[in-house]
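Report on the following structure.
The values are calculated or read from the model by the stated rules, or taken from the named source; none is laboratory data. Small disclaimer: the values here were computed from a predicted structure and weren't measured. Quick reminder, even Gly has a Cβ in these numbers, built from the backbone with ideal geometry, and neighbours come from all protein chains shown. To get the accessible areas, we keep the full protein, side chains included, count just its heavy atoms, and leave off ligands, DNA and RNA. Shrake-Rupley method; radii C 1.70, N 1.55, O 1.52, S 1.80 Å.
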Amino acid sequence: MTSSSFPTIRLPNMLDNWPWPRTLHSQYESLRADSAAWLSQYKSESLGVQKVFAGGNSESLLASLVWPDVDYESLRAGCDLISSVIITDDCLDVETGSSAEAIIDAILHAFHHPEAPTPPSAPIAAEITRQAWTRAMKLGSPSQRRRFIQKYGDFLRAITKEAEDRDTEYVRDIEEYMQVRRDTIASRPAFWVVECLSGIPEHIADHPSILKLSEYATELIIITNDVVSYNKEQAQGSIHNLVAIAMLSLNLTVQEAMDWTGALFESIVQKFIAALNEVPSWGPNIDSKVAVYIDGLGNWVRGHEVWSFECLRYFGKKGKEIRTSRLVTLLPPRSVTGRADAQVPPPLVTRPPAATVC
């Protein structure tokens with residue numbers, strides 16, 4: 001069967017009226033070189049690192065898009081964290097629930113003992129994470145560091161749940177999926193960097209109005225990721241994806257599910273914009289820091305969307321063209337390997353349709 005025999009789908013438009021434009025850090029090229037030099041020492045030992053280089057070391061591009069105006073040391077710290085998250089995610093993507101737990105224990109140990117190199121028996125992802133954390137921990141106070149480790153632990157535990165779902169062939173409904181996806185997307189640890197650099201006090205970061213904006217930004221990043229990764233993931237046999245879950249839960253075609261997902265995305269954009277008016281004033285000093293934090297969220301949403309098309313991870317060299325045309329030809333099923341659940345077709349869900357997501 002030729003590639004032209006496979007259906008073409010249209011991706012939904014995203015962020016057409018988003019107030020934050022694409023902005024790239026002026027030191028992107030330096031960051032890319034430094035990041036590559038750091039990770040290259042592990043290239044022969046880690047499949048996750050090999051994937052980073054196969055994708056053009058695009059984690060440095062993502063960091064430069066989402067943190068376009070920070071100092072270089074903070075940019076490098078954020079970039080190393082992004083790299084460690086993606087390498088960890090790729091590492092755990094093919095693990096069972098029980099084997100994932102052992103890797104996660106090694107990674108958490110590295111967070112709590114950053115001064116000591118991980119044992120030779122530990123996974124490479126743990127040592128990469130330790131080194132990334134050694135650089136990033138300087139951004140925050142002791143209490144902020146504890147907040148980060150808690151948020152990162154939530155990310156790791158959510159990945160374990162995803163692995164357990166693969167083990168048992170369990171298919172989540174939409175609300176269940178979004179519940180775990182809010183952690184597997186790892187935006188909360190990423191927003192921690194914004195929190196530290198903005199200087200926003202912790203009690204303000206936990207104010208309901210700020211938490212609401214953070215949650216909306218997280219959901220926008222989730223949907224962007226699931227839209228752009230759908231083709232690759234359906235070819236791997238994975239259904240840990242909102243588009244796939246919507247197809248099964250709501251009995252939709254793939255294009256109908258894309259359209260449904262796009263409508264959901266736009267509704268969250270409108271909620272985010274409206275929620276900006278709900279942020280109270282705490283006085284000029286705090287308000288200026290809150291403004292920096294909110295800009296950080298806006299840059300993350302825009303930067304992640306741009307990166308999704310400019311990196312090689314999802315569309316290869318056709319990303320910029322697809323970002324304009326929105327047209328994607330579906331890959332043949334089982335044509336992409338790399339996941340533990342790619343050997344057998346996923347079961348069809350038998351749950352009743354979910355009415356809402358958020």
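Structural remarks
- Signed unit charges on C-beta, dipole axis of the chain, positive-most listed residue 236, 199, 17: 17
- Looking at the range 26-169, the pairs of alpha carbons with a distance over 27 Å make up 20% of the total.
- Calculated [222 nm] ellipticity per residue, helices only, for the chain: -21000 deg cm²/dmol; basis is -39500 (n - 2.57) per DSSP H run with n ≥ 4, divided by all residues, nearest 500.
- For the range 112-118, the Karplus equation 6.51 cos²θ - 1.76 cosθ + 1.60, evaluated at θ = phi - 60°, returns couplings of 7, 9, x, 7, 10, x, 5 Hz by residue, with Gly and Pro reported as x.
- Neighbours of residue 271, meaning other residues whose beta-carbon lies under 14 angstrom from its beta-carbon, give a summed charge of -3 when Lys and Arg score +1 and Asp and Glu score -1.
- Most mobile of 240, 203, 109 in a GNM of the chain (Cα contacts under 10 Å): 203
- Cα-only Debye scattering, the chain: base-10 log of I(q)/I(0) at q = 0.12 Å⁻¹: -0.90
- Build a GNM of the chain with springs between Cα atoms under 10 Å apart, and of 26, 121, 60 the one that fluctuates most is 121.
- For the range 87-162: Kirkwood Rh in Å [reciprocal of mean 1/r, alpha carbons]: 12.6 Å
- The Cα trace of the range 171-327 gives Rg and Dmax of 16.9, 52 Å, the first to one decimal, the second as a whole number.
- When the Cα positions of 78, 324, 211 are compared along the charge dipole of the chain, 324 comes out farthest toward the positive end, with charges on each C-beta of Lys, Arg, Asp and Glu.
- Whether the range 219-271 is rounded, prolate or oblate, judged on the alpha carbon gyration tensor where a/c under 1.5 counts as rounded: oblate
- Taking every protein chain into account, the accessible area of the chain amounts to 43 square angstrom per residue (probe 1.4 Å).
- Dipole orientation for the chain: of the candidates 53, 283, 170, 53 has the Cα lying most toward the positive pole (charges on Cβ; Lys, Arg +1; Asp, Glu -1).
- For the range 48-90, the relative contact order is 53 percent, taking Cα pairs closer than 8 Å that sit 6 or more residues apart in sequence and dividing their mean separation by the residue count.
- Sequence-ordered 3J(HN,Hα) estimates for the range 221-237 from the Karplus curve with 6.51, -1.76 and 1.60 and θ = phi - 60° stand at 5, 4, 5, 4, 4, 6, 5, 6, 8, 4, 4, 4, 6, 5, 6, 8, x Hz, glycine and proline given as x.
- Per residue, the average separation of C-alpha pairs within less than 8 Å and at least 6 apart gives the chain a relative contact order of 28 percent.
- For the chain, carbon and sulfur atoms together expose 53% of the accessible surface, with a 1.4 angstrom probe and every protein chain in place.
- Computed about the Cα centre, the dipole magnitude for the chain is approximately 600 debye when only Lys and Arg (+1) and Asp and Glu (-1) carry charge, each at its Cβ.
- Calculated from backbone phi, Karplus (6.51, -1.76, 1.60) coupling profile of the range 269-276 in Hz, x at Gly/Pro: 4, 5, 5, 4, 4, 5, 5, 4
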